[in-house]
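Have a look at the structure below before the remarks.
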Amino acid sequence: MSSVEQTFGGAGGHVTALRRLLGPRSTGPAVVLLLAYCVFLVIGSLKSTQFAQQVVSGIASGATFAALALALVLIYRATEVINLAQGEMAMFSTYIAWQLLAWGVGYWGAFFLTLAISFLGGIGIERLVIRPVERGGLLAIVIVTVGLFLLFDGLALRIWGGLPRDFPPAISGSPIRVGGVAFSVQDLVTVCVTIGAVILLWLFFQFTKVGLALRAAALRPDAARLVGVRVSWMLALGWGLAAALGAIAGMMIAPTTLLSPTFMQAILLYAFAAAVLGGLESPAGAVVGGLAIGVTINLLGAYIGWIGSVLRLPAALAILLVVLLIKPSGLFGRAAVRKV
Amino acid sequence: MLLELEGVEARYGPVQALHGVSLQVAEGEVAAVLGGNGAGKTTTLRAISNTVRRSGEIRFAGESLGRKGPEATARLGIAHVPEGRGTFAELTVQENLRLGAYTRRGAAKEDLRRVCSYFTWIERRRDQQAGTLSGGEQQMLALARAFMQRPRLLLLDEPSLGLAPLVVSEIFRIIKELNEQEGLTVLVVEQNANIALQAADRAYVLEAGKVALSGASADLREHESVRRSYLGY
């Protein structure tokens, strides 16, 4: 925390920080709608333990969508493109973790080592392949992310083969029972780790000098340069953070889905849906969107037999479509008004 | 001389905007660059902070700026408040000030207190989004942000733009105060020649990308063509 905060510190800041986190203006109806949905979930959970279990496992998968969606938002805000390779980067990170585990590194050692490698890898990708084509326009960057998708896919297949592999959970154990509801340990770990990462990231953006510079560089690169912010390094840092977030999502998902070169592809689509639902530019929106989609598709899959487990993804995209028809800028997005 | 420009040229694509501008700013003074639309005032400042393609020689505190980019120039102690004031509209007043102090190490507390003594409203409205401030307040915030940078040289691009006359005189009063009490050297670009000549020690008149006239402000105010073209009497 810089000394400026110490001078200015006070309780008033938190309220505005929260307001700013949720996004400016016109998000009122979205918040009311979400609160109503939360009330529905709570009442349902109290009435039925099966419902409660579905909600909790929905929150767990939603948390991983949220982490990946947040990664997409970070890069979208810095580079103004959707990183199509985000899922494959996360997959590759998860393989690195798997390899470290296979070499005998302990779980949390492998976890944090993977985060570090992914962070540096993300920075490296921005420096090596994104920055050189930056002047070529957005389409050029999108094409490069497609190339990265194929590259990581091919590399993983080449190095580790296509056979699905087991990925260990962080903590294994029998489900914890609270009031008749059985919570899977892996679900709880997933929720804690991803939400913890999101909170850490928020603190970083809100209260550190570099976090502030990163936001400034994304909002107004020209003005940021004039106060001495090294904008291009800030963009690289954004890629690094996104890659690390993706790695977290990958390592949390892999125990339930098995690890294979394609295991993140469906997850990436959910994350796209979550990011767009939240408004693409809003980090808080991405998190809320991820959780909402995770819970909703889990409930739909469990209670509407016809959807089952195969039609979950289309169901998620249908929800997205309905929301965008009503609110084209997403739940927490700003309407696209540009000064010219 | 703190800042020296010698035969500086600048271009936007195929269009050349500066055709060999030479000017000097001494430590501790306020210098003004006057001129009509398209004369090259803004481009002169952009050439100094290297946000436009430039050539020619620019020396700051005796050292050539060479190919230093905008970030490096800022780190040397040149604060550039650009056209449109460079406000981070989505961030709060306080965050804008923190960004001003970005290049500095250590305590900015003392400076913050000083800034608040010049702009008393800032402390009360630190959590307000900067984009919701009035034009005059945004201009003051830009000055405050630049001050937090603790620059040796402040480049100001048309601080009077779009502001009511009373607010303009208030802004220039503060610029003069910062100059006299904090020893801040200022190079200000203005269309409003009247107020700029009152505040400045020295002034340059740009026409079509060249310095057409220069001298002490007091002399320029009496100059026949300046009076007719820029002061309107």
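All of the numbers you see were taken from the coordinates with simple rules; none came from a lab. Bear in mind that the values here come from a model prediction, so they are computed numbers and not experimental data. Here the Cβ positions follow ideal geometry from the backbone for every residue, glycine too, while neighbour counts run over all protein chains shown.
With the radius of gyration and the Kirkwood radius both derived from the Cα set of the range A:57-115, what is their ratio Rg to Rh? List each step's numbers first, then the result.
Values: Rg = 13.7 Å, Rh = 12.8 Å.
That ratio equals 1.07.
Which residue fluctuates most in the GNM of chain B (Cα springs below 10 Å): B:ARG59, B:ARG113, B:ARG152?
The residue with the greatest mean-square fluctuation here is B:ARG113.
Sort B:SER214, A:SER174 so that the residue with the fewest other Cβ atoms within 10 Å of its own Cβ comes first and the one with the most comes last.
Arranged by neighbour count, lowest to highest, B:SER214, A:SER174 become A:SER174, B:SER214.
Using R₀ = 60 Å, calculate the FRET efficiency as 1/(1 + (r/R₀)^6) where r is the Cβ-Cβ separation of A:LEU139 and B:LYS176; round to 0.05. Could you put the intermediate results ahead of the total?
Numbers: r = 50 Å, r/R0 = 0.84.
So, using R0 = 60 Å, E works out to roughly 0.75.
Got a sec? How would B:GLU222, B:GLU90, B:GLU182 order by Cβ neighbour count within 10 Å, fewest to most? Write out the running numbers ahead of the final one.
On the way: B:GLU222 9, B:GLU90 18, B:GLU182 12.
Listed from fewest to most nearby Cβ atoms, that is B:GLU222, B:GLU182, B:GLU90.
Loop by DSSP (not H, G, I, E, B), at most 11 other beta-carbon atoms within 10 Å: where is the longest site-free stretch of chain A for chymotrypsin sites (Phe, Trp or Tyr not before Pro)? Numbers along the way, then the final one.
Details: sites that count: A:TRP103, A:TRP306.
In chain A, the maximal stretch lacking such sites is A:104-305.
What FRET efficiency do you get for A:PHE112 and B:GLU224 if R0 is 56 Å and r is their Cβ-Cβ distance, rounded to the nearest 0.05? Please list the in-between numbers first.
Values: r = 75 Å, r/R0 = 1.33.
Efficiency for this residue pair is about 0.15.
Most fluctuating residue of B:ALA146, B:ALA218, B:ALA101 in a GNM of chain B with Cα springs under 10 Å: which is it?
Per the Cα network of chain B with a 10 Å cutoff, B:ALA218 tops the list.
Give me the percent relative contact order of the range B:3-231, please, defined on Cα pairs under 8 angstrom at least 6 residues apart.
Rounded, it is 29 percent for the range B:3-231.
Give the average, rounded to an integer, of partner chain Cβ atoms located within 10 angstrom of each Cβ in B:121-129. Each step should come with its number before you reach the end.
Working: counts 0, 1, 2, 0, 0, 7, 10, 1, 4.
Taking all residues of B:121-129 together, the mean is 3.
Report the normalised scattering of the protein assembly as shown as log10 I(q)/I(0) at q = 0.08, 0.10, 0.11, 0.12 Å⁻¹, calculated by the Debye formula with identical scatterers on the alpha carbons.
With no solvent term, the Cα-only Debye profile gives -0.64, -0.90, -1.01, -1.13.
For the pair A:ILE171/A:ILE199, report the inter-label distance in nm, with labels modelled 7 Å from Cα in the Cβ direction.
1.5 nm
Once you place label points 7 Å from the Cα toward the Cβ at B:GLN24 and B:ALA164, how far apart are they in nm?
The two pseudo-label positions are separated by 4.2 nm.
Quick check: Cα centre of the range A:252-278 to Cα centre of the range A:138-213, how many Å?
9 Å
Averaged over B:93-100, how many beta carbons belonging to a partner chain fall within 10 Å of each residue's beta carbon?
The shielding value for this peptide is 6.
Let me check I have the definition right: for chain A, take the eigenvalues of the Cα gyration tensor, multiply each by 5, take square roots. What are those semi-axes in whole Å, largest first?
On the way: eigenvalues 180, 141, 83 Å².
So the equivalent ellipsoid measures 30, 27, 20 Å along its semi-axes.
Over the range A:145-244, what lengths in whole Å, largest first, do the semi-axes of the equivalent ellipsoid take, defined as the square roots of 5 times the eigenvalues of the alpha-carbon gyration tensor?
Numbers: eigenvalues 265, 125, 14 Å².
Whole-Å semi-axes of the equivalent ellipsoid: 36, 25, 8.
State the percent of C-alpha pairs, over all pairs in chain B, separated by a distance greater than 28 angstrom.
Values: 7486 of 27028 pairs.
Value for chain B: 28 percent of Cα pairs lie more than 28 Å apart.
Got the relative contact order for the range A:26-326 handy, in percent, Cα pairs under 8 Å and 6 or more residues apart? Before the final figure, lay out the partial values.
Numbers: 433 pairs, mean separation 106.7, N = 301.
Here the relative contact order equals 35 percent.
With springs only between Cα atoms under 10 Å, which of A:ALA71, A:ALA315, A:ALA284 fluctuates most in a Gaussian network model of chain A?
Taking springs between Cα atoms under 10 Å, the residue moving most is A:ALA315.
Let me test this: with uniform point scatterers at the alpha carbons of the range A:63-198, what is the Debye-based log₁₀ I(q)/I(0) at q = 0.20 1/Å?
-1.29
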